1. Per the Cauchy relation, a quarter of the hull surface: what is the mean projected area of the convex hull of the alpha carbons in region 11-130, in nm²?
2. Divide the volume of the convex hull of the Cα atoms of region 123-173 by its number of residues and quote the answer in cubic angstrom per residue.
3. Most fluctuating residue of 22, 114, 78 in a GNM of the chain with Cα springs under 10 Å: which is it?
4. What's the angle, to the nearest 10 degrees (0 to 90), between helix 31-43's Cα axis and the longest principal axis of the chain?
5. For the chain, what is the accessible area per residue in Å² when the probe is 1.4 Å?
6. Cross-link list 61/113; 75/148; 4/100; 39/100; 99/153; 39/118: which exceed 22 angstrom alpha carbon to alpha carbon?
7. For residue 52, list the aspartates and glutamates whose Cα falls under 14 Å from its own Cα; do not include residues on the same chain fewer than 8 positions away.
8. Describe numerically, in nm with one decimal, the distance between label points set 7 Å from Cα along Cα→Cβ at residue 35 and at residue 106.
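The values are calculated or read from the model by the stated rules, or taken from the named source; none is laboratory data. All figures in this text were calculated on a predicted structure; none of them were measured in a lab. Methodologically, a virtual Cβ is constructed for each residue, glycine included, from the backbone with ideal geometry; neighbour enumeration extends over all protein chains shown. These accessible areas exclude ligands, DNA and RNA; they are computed on the full protein's heavy atoms, side chains included. Shrake-Rupley method; radii C 1.70, N 1.55, O 1.52, S 1.80 Å.
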Amino acid sequence: MVVKDDFEQLGFDVMQISLGSVEVKSNNISEEDKLDLEKTLQEHGFELILDKEEAHNEEIKVLLLEYINEQWFKKLNVSDFLAHNLHSDYIAISRFFSKKNNLTIEKYLIRLKVERTKQLIQEGKLNFSEIAYELGYSNLSHLSAQFKKEVGKSLSDYKNDADFQRNPIDKIV
């Protein structure tokens, strides 16, 4: 709603809006309009992306976040999930993502899971085994090893640390 309102207040005719993208009627957006839109969106914590490759990259990242948060891993493997949602071959998606981010999709997923683990620890509603299950790990040891490798602390050390250091999802690379 916020993004739609921002676009409409700046005089754009919004045709369609979905997570990560907005389609407007006009093809010709002036540089001044772009700057106004970028400033307004940033005030609400959003970013304007006009480059098609960057938009595609962000679309993949949004889907990977959805894959974890909505527990799609319980129904589909990541390659099938991305191929289905992007209507493309997974190998092409994977190559594009790796080239664009200097990071594989699998490594990016691990980093997303680590940040989600931090969030769940901070919320304090689940124990470590429940967190592992929640994120699709076959066992707690696997989560613990990945967490320690990425964060440099054990799950317990992180939990006992008074300063929960988390990375914003849009800054993970």
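1. Spelled out: convex hull of the Cα atoms, projected over all directions, averaged, 9.7 nm².
2. Cα-based convex hull of region 123-173, divided per residue, equals 100 Å³.
3. The residue that fluctuates most here is 22.
4. Relative to the chain, helix 31-43 is tipped by roughly 30 degrees.
5. 64
6. Listed pairs above 22 Å: 75/148; 4/100; 39/100; 99/153; 39/118.
7. 23
8. Rounded to a tenth, the inter-label distance reads 4.7 nm.
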